[in-house]
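The values are calculated or read from the model by the stated rules, or taken from the named source; none is laboratory data. Predicted model only: the values in this text are computed from it and were never measured. Because the Cβ atoms are built from the backbone with ideal geometry, glycine has one as well, and the counts that use them run over all protein chains shown. Note: accessible area is taken over every heavy atom of the protein model, side chains too, but ligands, DNA and RNA are not part of it. Shrake-Rupley method; radii C 1.70, N 1.55, O 1.52, S 1.80 Å.
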2 protein chains.
Amino acid sequence: MSKQPKYRQVADALRREIVNGAFDRDRRLPSESELSARFDASRNTVRSGLALLVSEGLITSSQGLGYEVRSQEVFELNASRFENLEFPQNGDAYNTDVTNAGRRPHQTFRVEMLPAPEEVADRLKIEKGSKAVLRFCHRYVDDMPWSTQATYYPAWLIEESPRLAEPGDIEEGTTRYLAARGIEQIGYFDEIATRMPTPEEARLLEVGAGVPVLLWTRTGYSGDRPIRCTITTFRGDLNRMNYEIGELAGRNENT
Amino acid sequence: MSKQPKYRQVADALRREIVNGAFDRDRRLPSESELSARFDASRNTVRSGLALLVSEGLITSSQGLGYEVRSQEVFELNASRFENLEFPQNGDAYNTDVTNAGRRPHQTFRVEMLPAPEEVADRLKIEKGSKAVLRFCHRYVDDMPWSTQATYYPAWLIEESPRLAEPGDIEEGTTRYLAARGIEQIGYFDEIATRMPTPEEARLLEVGAGVPVLLWTRTGYSGDRPIRCTITTFRGDLNRMNYEIGELAGRNENT
DNA sequence: TTGCTCAACTTGTTGGTACAAGCTGTTGCG
DNA sequence: CGCAACAGCTTGTACCAACAAGTTGAGCAA
């Protein structure tokens, strides 16, 4: 029973009340000065405790408004279904999923050519710094930023399939377009990781402190050759990826 | 070009230097008082900036020692291989993976019976608060905490397969033991999520601020019935999950 | 009623001070 | 030589003060 610093006692007490649902009616927490009086601590000390809870992702703060318990609503991503689908750069799966969930999808899209980032060059087995085409999606659900998706194609593939480098949608989907040109995607290599967002990611996804991002990197292969690398960043607080494996089709519509 | 607060300017400048590799030799950062002089800011302001970088997972701090750039070493988890494996409660896959990577595996293990947590009860389709058997692993790599794995079995399954509730390993593996008793696992439902660790998780995994956890929840089915629910928490800074899908076997030994 | 101003609240930023606590190398005693 | 004590560095905790900036509702004027 070692003595904890006061700011940790504040954080622990508030955390206990939060998980016990003490603030479930209106999710507002007492103000810093109220807490300061209640815990007989200075405003700075209370702020340290609250900052801890913010960095744990338990609460948020807004200037002028106060602190709020963060809501826990998550959006399910059926990732295994993507396996059997021509991976749609025009966002078919995303549109369908979001609409089915009763939400409103919205996305912006752009195409550019640029030197491949190192982690992309490694996966595409091309020279570090060599050119690649980036097709980039910024996706929203109910006007809330949801994910960013960056798909890189190596330059050699563009020579054979020039429409990839043109701005605008490819109506039939990029996978079908590539297949029609003899490039068939036979498998994926998926990597899933998590970390705190970079400032750039925090800006695009409008996440505050205490919210990690979920990184999904899918490298698609045609024969031995990697033909594309898709890096998707999801808000960690609002997304969960699901995989169904084995004879389970349709058994898990709940949760 | 809106004016940023001074502590953000400090954080931005240091972040830029860190990603450019300015501290790559010894990973030590200048001390707070040095930075205070360099940026013409008070120690408190510099500390705010550094706290930001800590919460981004970019640096760590230790009392008496200073701030260090966090190392980026990650450990690859081949998750798709788990699909075709009797899921070993005795840690066969873990032991093999870690040993093959030239690391030293170590784990502690315990068994207990307790009321199922709500999220487990939901997945096992049992009454909230009803009893379940928990088989719990705490895994280390080179004496560093790596993951915790909690597998819950519903009480009805224990009546048919009592050894699950006994402490100690089941040598042939729980999946084989269950299969021998007529309970065959035909599929999984995987969920992958991320969030900041609870204080309990931070203690078990010895992670500091700015490191999220990767949550892997696997529900195993025998026919319609869920027979177990495994919740694994990984340190987000040291782990990455890989799935190989399609005709790719063995093509990705690098990275 | 409508719309504006402003007071009164909220958190955010920046400065200051003091001391506690952890680490390391030096010093000097035995 | 061996080792304990200490000085001098580091970050951690806790307090105080003042002002900036965002939000809301009261209240007044048109």
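What is the average number of partner chain Cβ atoms found within 10 Å of a Cβ in A:213-224?
On the way: counts 2, 7, 3, 3, 2, 2, 3, 3, 7, 0, 2, 2.
Mean shielding by partner chains, rounded to a whole number: 3.
Run the dipole for region B:6-69 about the Cα centre, Lys and Arg Cβ at +1, Asp and Glu Cβ at -1, nothing else charged, and hand back the magnitude in debye, nearest 20.
On the way: 10 positive and 9 negative charges, 25 e Å.
Value, rounded to 20: 120 debye.
Given points 7 Å out from each Cα along the Cα-Cβ axis, report the residue B:24 to residue A:24 separation in nanometres with one decimal.
In this crude label model, residue B:24 to residue A:24 measures out at 5.3 nm.
Choose one answer from B:126, B:158, B:186: the residue with the largest mean-square fluctuation in a GNM of chain B with alpha-carbon springs under 10 Å.
B:186
Residue separation times 0.36 nm, minus the C-alpha to C-alpha distance between residue A:172 and residue A:62: what's the value?
On the way: separation 110, 0.36 × 110 = 39.60 nm, distance 4.42 nm.
Working it through step by step, the gained length comes to 35.2 nm.
Using a probe radius of 1.4 Å on protein heavy atoms only, what is the accessible area buried between chains B and A, both sides summed, to the nearest 100 Å²? Write down the numbers at each step before the final one.
Numbers: alone 14320 and 14280 Å², together 24970 Å².
The buried area between B and A, both sides summed, comes to about 3600 Å².
Springs between alpha-carbon pairs under 10 angstrom, Gaussian network model over chain A: which of A:117, A:197, A:226 fluctuates most?
Maximum among the listed residues: A:117.
Output the relative contact order of chain A, whole-number percent, from Cα pairs under 8 angstrom with separation of 6+ residues. If you can, show how the numbers build up before the last one.
On the way: 402 pairs, mean separation 47.3, N = 255.
Result for chain A is 19 percent.
Please state the charge dipole magnitude for region B:114-225, taken about the Cα centre, from unit charges on C-beta atoms (+1 on K and R, -1 on D and E), reported in debye and rounded to the nearest 20.
Values: 13 positive and 19 negative charges, 42 e Å.
The dipole of region B:114-225 has a size of about 200 debye.
Hey, can you find the accessible area per residue of the protein assembly as shown for me, probe 1.4 Å, expressed in square angstrom? Before the final figure, lay out each step's value.
Working: 24970 Å² over 510 residues.
Dividing the accessible area of the protein assembly as shown by its residue count gives 49 Å².
Eigenvalues of the Cα gyration tensor times 5, then square-rooted: what semi-axes does that give for chain A, in whole angstrom, largest first? Before the final figure, lay out the partial values.
Values: eigenvalues 375, 81, 53 Å².
Semi-axes from the Cα gyration tensor: 43, 20, 16 Å.
Given a 10 angstrom Cα cut-off, can you work out which residue in B:230, B:151, B:45 is the most mobile in a GNM of chain B?
Among B:230, B:151, B:45, the largest GNM mean-square fluctuation belongs to B:45.
Starting from a label point 7 Å past Cα on the Cβ side, list the distances from residue A:22 to the same position in the other copies, nm, shortest first.
4.4
How many nanometers, to one decimal and shortest first, lie between the label point of residue B:201 and those of its other copies, if labels sit 7 Å from Cα toward Cβ?
Values, ascending and in nm: 1.6.
By the gyration tensor of its Cα atoms, with a ≥ b ≥ c the square roots of the eigenvalues, what is the shape of region B:6-69: rounded for a/c under 1.5, prolate for a/b over b/c, or oblate?
Values: a/c = 1.41, a/b = 1.24, b/c = 1.14.
Rounded.
For B:156, B:146, what's the largest-to-smallest order of accessible area, 1.4 Å probe?
Numbers: B:156 70, B:146 10 Å².
Descending accessible area places them as B:156, B:146.
Please arrange A:74, A:98, B:19 by accessible surface area, largest first, computed with a 1.4 Å probe and ligands excluded.
On the way: A:74 60, A:98 0, B:19 100 Å².
Largest to smallest exposure gives the sequence B:19, A:74, A:98.
Considering every residue in A:181-194, what mean count of other chain Cβ atoms within 10 Å of its Cβ is obtained?
Details: counts 0, 0, 0, 0, 1, 4, 8, 6, 10, 7, 10, 11, 11, 17.
Counting Cβ atoms of other protein chains within 10 Å of each residue's Cβ and averaging gives 6.
With charges only on Cβ, +1 for K and R and -1 for D and E, what is the dipole size of chain A about its Cα centre, in debye, rounded to 20?
On the way: 33 positive and 39 negative charges, 194 e Å.
Charge dipole, chain A, about its Cα centre: 920 debye, nearest 20.
Report the paramagnetic label zone for residue B:127: residues of region B:149-172 whose backbone N is under 17 Å from a point 7 Å from Cα along the Cα-to-Cβ axis.
The answer is B:154-159, whose backbone nitrogens lie closer than 17 Å to the label point.
State whether region A:187-249 is rounded, prolate or oblate according to the following rule on the C-alpha gyration tensor (a ≥ b ≥ c being the square roots of its eigenvalues): a/c under 1.5 gives rounded; otherwise a/b larger than b/c gives prolate, and the remaining case gives oblate. The partial results should precede the final answer.
Working: a/c = 3.57, a/b = 1.51, b/c = 2.37.
The shape class here is oblate.
Once the Cβ-Cβ distance between residue A:181 and residue A:99 is put in as r, and R0 is 45 Å, what FRET efficiency do you end up with, to the nearest 0.05?
Efficiency, from the Cβ-Cβ distance: 0.90.
Residue B:65 label points, 7 Å along Cα→Cβ, one per copy: pairwise distances from this copy to the rest in nm, shortest first?
3.9
Leaving out ligands, DNA and RNA, what percent of the accessible area of the protein assembly as shown is carbon and sulfur, probe 1.4 Å?
Within the protein assembly as shown, the accessible surface is 48 percent carbon and sulfur.
Express in whole angstrom the spacing between the alpha-carbon centres of region A:199-233 and region A:5-40.
36
What is the calculated FRET efficiency for residue B:33 to residue B:3, with r their C-beta to C-beta distance and R₀ = 22 Å, to the nearest 0.05? Spell out each step's value before the answer.
Numbers: r = 25 Å, r/R0 = 1.15.
For residue B:33 and residue B:3, the calculated efficiency is 0.30.
Select from A:188, A:35, B:42 the residue farthest towards the positive end of the dipole of the protein assembly as shown; place +1 on Cβ of Lys and Arg, -1 on Cβ of Asp and Glu, and compute about the Cα centre.
B:42
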